[in-house]
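The values are calculated or read from the model by the stated rules, or taken from the named source; none is laboratory data. In this text the structure is predicted, and so the values were computed from the model without any measurement. Cβ placement follows ideal geometry from the backbone for every residue including glycine, while neighbour counts extend to all protein chains displayed.
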Amino acid sequence: MHPMTQVWTATLPAFLASTVEFVEALTVVLAVGITRGWRSALIGSAAAIALLGLLVLIFGPLLSRFPITWLQIAVGWLLILFGMRWLRKAILRASGAIDMHDETSAFEQGKRELQAANGRSPRGLDVIGFLASFKSVTLEGLEVVFIVIAVGATANALIPASVGAAVAGVLVVTAGAVLQRPLSHVPENGLKFAVGILLSAFGTFWFGEGLGLKWIGEDVAIVGLIVGYLFTSLVTIALCRRSQPRLPSKAPVSAT
């Protein structure tokens, strides 16, 4: 694979996927900070980031010990499953089969739950706030770590993938610190749709390479896979919209 292709195939999916995950984690951290105090929110987030960093340091170098073909097959298959999960949900939302995700509603619901969990926060570390922040950042961050390690190791571009995730994290955290409200205007479903297509396309490419498949056009085949997944997804959205039950139109009221 050409060096420049390695960079963008690692950086772009990591950046887009990390943006989605960081936005969702930020919503919970903001809710914790406002309702339970910023000390517990920030300490819980820092503890989760430290844990995720440790996982990267432990498992990242271990992947280099495996044959590249094994990594391409295993990681390619996992990326296909991972991408299809995001793509399926994005298609259902775009077609109207399920409701769009609303960060503002999630934020308000999180605030209500955190407020109902207690009356007053203890003087020391607020355990509920700490655990809520730690859990949210850890769960969302694990998906970021998986994508960074998987994409970086398979494309032999762990640093570009890490940079893409880091840039997304800095942008989201900065926006959250300045606005101090959930980033509801971020087109999350559109990002998930794009990430689902990219991960599915890259996973298919690497899975095929691991099996010894010679792609037509070599690296250019990734573009063809992206177009193929995009076309199939748009057709699926159109079919899902047509299959949605239509409400009966109201008969006009006579003026008698």
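Structural remarks
- Candidate set: region 145-159, residues that are surrounded by fewer than 23 Cβ atoms within 10 Å (Cβ to Cβ) and assigned to a helix (DSSP H, G or I); chosen: the one modelled with the lowest pLDDT: Leu158
Here is a yes/no grid of residues against (1) at pLDDT 85 or above; (2) aliphatic (A, V, I, L, M); (3) closer than 28 Å to Leu26 by Cβ; (4) in a loop (DSSP other than H, G, I, E, B):
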site: Ala166; (1), (2), (3), (4): yes, yes, yes, no
site: Gly176; (1), (2), (3), (4): no, no, yes, no
site: Pro182; (1), (2), (3), (4): no, no, yes, yes
site: Phe205; (1), (2), (3), (4): yes, no, no, no
site: Leu213; (1), (2), (3), (4): no, yes, no, yes
site: Leu225; (1), (2), (3), (4): yes, yes, no, no
site: Ser233; (1), (2), (3), (4): yes, no, yes, no
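- Selection from region 189-225 of residues that are of a type in the set (Val, Ile, Thr) and either more than 16 Å from Ala14 (Cβ to Cβ) or surrounded by fewer than 16 Cβ atoms within 10 Å (Cβ to Cβ) (or both): Thr204, Ile216, Val220, Val223
- Of the candidates Ala50, Ala25, the single residue that is in a helix (DSSP H, G or I), modelled with pLDDT of 75 or more, touching an Asp or Glu at 6+ places or on another chain (Cβ under 6 Å) and farther than 27 Å from Phe207 by Cα is Ala25.
- Annotation note: Cβ proximity below 6 Å between a residue of region 18-41 that is more than 20 Å from Ala168 (Cα to Cα) and in contact (Cβ under 8 Å) with a residue 24 or more places away in the chain and a residue that is among the aromatic types (Phe, Trp, Tyr) and assigned to a helix (DSSP H, G or I) (sequence gap 6+ or interchain) occurs for Ala31/Phe107; Ser40/Phe130.
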